[in-house]
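**Q** Let me give you the structure first, and then I'll get to my questions.
The values are calculated or read from the model by the stated rules, or taken from the named source; none is laboratory data. Note that the coordinates shown come from a computational prediction; the quantities given were computed from them, not determined experimentally. Because the Cβ atoms are built from the backbone with ideal geometry, glycine has one as well, and the counts that use them run over all protein chains shown.
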Amino acid sequence: MSPKFVVSLLAASAIASAASANIRITEVMSSSNGGGTPTPDWIEVTNYGSSAVDLTGWRMDDGSFNFAVSVALNGISSIGAGESVIFIESAAGTGVGGFRTFWGGLSGLQVGFYSGSGVGFSSGGDGACLFNGSGSILSQVSFGAATSGSSFFYGWDVAGALDPSYNGLVSTVGTIGTQVTFSSSSDTGSLGTAIGVPAPSALALLGLAGLAGRRRR
């Protein structure tokens with residue numbers, strides 16, 4: 001194996017790791033009014049980075065934050081720059097169609113799924129965690145007792161840390177930051193709209209600025 005090839009592999013790995021580091025959990029529903037059908041538990045995952053992220057091998061767990069008991073994320077292969085996607089708790093994804101209908105179709109929004117023993121969110125307080133294929137935690141959040149029919153939402157600062165202004169707040173109908181929440185059959189959430197995510201065009205410009213900075217060095 002040539003030195004140049006090794007360097008290329010290392011560079012590709014570093015880019016992939018940097019991209020994954022910009023993935024955050026931005027919303028969680030732990031107590032829907034629908035009782036699980038067609039409104040199960042769900043999480044929103046957002047890519048704050050400037051390039052798409054491959055989700056191959058990614059998994060989730062609830063508040064135990066334990067890779068050994070985590071379950072696979074299915075139905076979505078990648079998340080684009082600035083994109084928010086939804087993963088619902090649904091065996092084999094059978095509930096995805098009903099979930100879309102319940103929330104008005106969710107046109108243009110990717111909806112994936114997960115299922116397994118012990119990953120349901122407790123309405124009395126729980127958490128959610130994302131892992132990459134090697135078991136590294138990429139994002140995790142905790143939340144208290146739920147308000148029935150409302151999601152919790154989160155915001156992140158430029159350093160990738162939770163913004164205390166938007167840390168586990170309960171969704172209400174209206175505009176909060178840049179997040180617009182809405183209701184569907186008594187459930188309230190903001191599926192596909194995360195706080196403080198630059199438009200994809202702005203993310204692309206940020207990425208180009210970063211490349212230019214590295215070249216100047």
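**Q** Taking VAL158 and the conditions (1) touching a residue at least 40 places away in the same chain (Cβ under 8 Å); (2) exposed (fewer than 12 other Cβ atoms within 10 Å of the Cβ); (3) within 17 Å of the chain's Cα centre (by Cα), which numbered condition does it fall short on, given that it satisfies the others?
**A** So the condition that VAL158 fails would be (1).
**Q** Can you find a residue in the stretch 50-62 that is surrounded by 21 or more Cβ atoms within 10 Å (Cβ to Cβ), modelled with pLDDT under 95, touching a helix residue (DSSP H, G or I) at 6+ places or on another chain (Cβ under 6 Å) and over 22 Å from GLY105 (Cβ atoms)?
**A** Taking every residue of the stretch 50-62 in turn, at least one turns out to be surrounded by 21 or more Cβ atoms within 10 Å (Cβ to Cβ), modelled with pLDDT under 95, touching a helix residue (DSSP H, G or I) at 6+ places or on another chain (Cβ under 6 Å) and over 22 Å from GLY105 (Cβ atoms).
**Q** Also: Only one of these is modelled with pLDDT of 90 or more, part of a loop (DSSP other than H, G, I, E, B), more than 13 Å from VAL28 (Cβ to Cβ) and under 16 Å from the mean Cα position of the chain (by Cα): GLY133, GLY124. Name it.
**A** So the residue among GLY133, GLY124 that is modelled with pLDDT of 90 or more, part of a loop (DSSP other than H, G, I, E, B), more than 13 Å from VAL28 (Cβ to Cβ) and under 16 Å from the mean Cα position of the chain (by Cα) is GLY133.
**Q** Is one or more of the residues making up the stretch 139-154 among the aliphatic types (A, V, I, L, M) and closer than 15 Å to SER84 by Cβ?
**A** Kept after step one, since they are among the aliphatic types (A, V, I, L, M), are these residues of the stretch 139-154: 141, 145-146.
Subsequent filtering for residues that are closer than 15 Å to SER84 by Cβ retains 141.
Within the stretch 139-154, one or more residues are among the aliphatic types (A, V, I, L, M) and closer than 15 Å to SER84 by Cβ.
**Q** Given the conditions (1) farther than 17 Å from GLY189 by Cβ; (2) touching a residue at least 60 places away in the same chain (Cβ under 8 Å); (3) surrounded by fewer than 15 Cβ atoms within 10 Å (Cβ to Cβ), which single one is not true for SER139?
**A** Failed condition: (3).
**Q** If you don't mind, there's one more thing I want to ask. Can you name the residue in the stretch 142-152 that is assigned to a strand (DSSP E or B) and modelled with pLDDT of 95 or more and, of all such residues, is surrounded by the fewest Cβ atoms within 10 Å (Cβ to Cβ)?
**A** Here the residue is SER142.
**Q** Of the numbered conditions (1) within 21 Å of ALA161 (Cβ to Cβ); (2) at pLDDT below 70, GLU44 fails exactly one; give the number of that condition.
**A** (2)
For (1) among the β-branched types (Val, Ile, Thr); (2) without any contact (Cβ under 8 Å) to a residue 60 or more places away in the chain; (3) surrounded by fewer than 17 Cβ atoms within 10 Å (Cβ to Cβ); (4) part of a helix (DSSP H, G or I), each residue gets a yes or a no:
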site	(1), (2), (3), (4)
ALA68	no, yes, yes, yes
ILE76	yes, yes, no, no
ALA81	no, no, no, no
VAL85	yes, no, no, no
ILE88	yes, yes, no, no
ALA92	no, yes, yes, yes
PHE99	no, no, no, yes
GLY104	no, no, yes, no
SER107	no, yes, yes, no
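**Q** What do you reckon, is LEU138 touching a strand residue (DSSP E or B) at 6+ places or on another chain (Cβ under 6 Å), in a loop (DSSP other than H, G, I, E, B) and modelled with pLDDT of 90 or more?
**A** So LEU138 fails the test.
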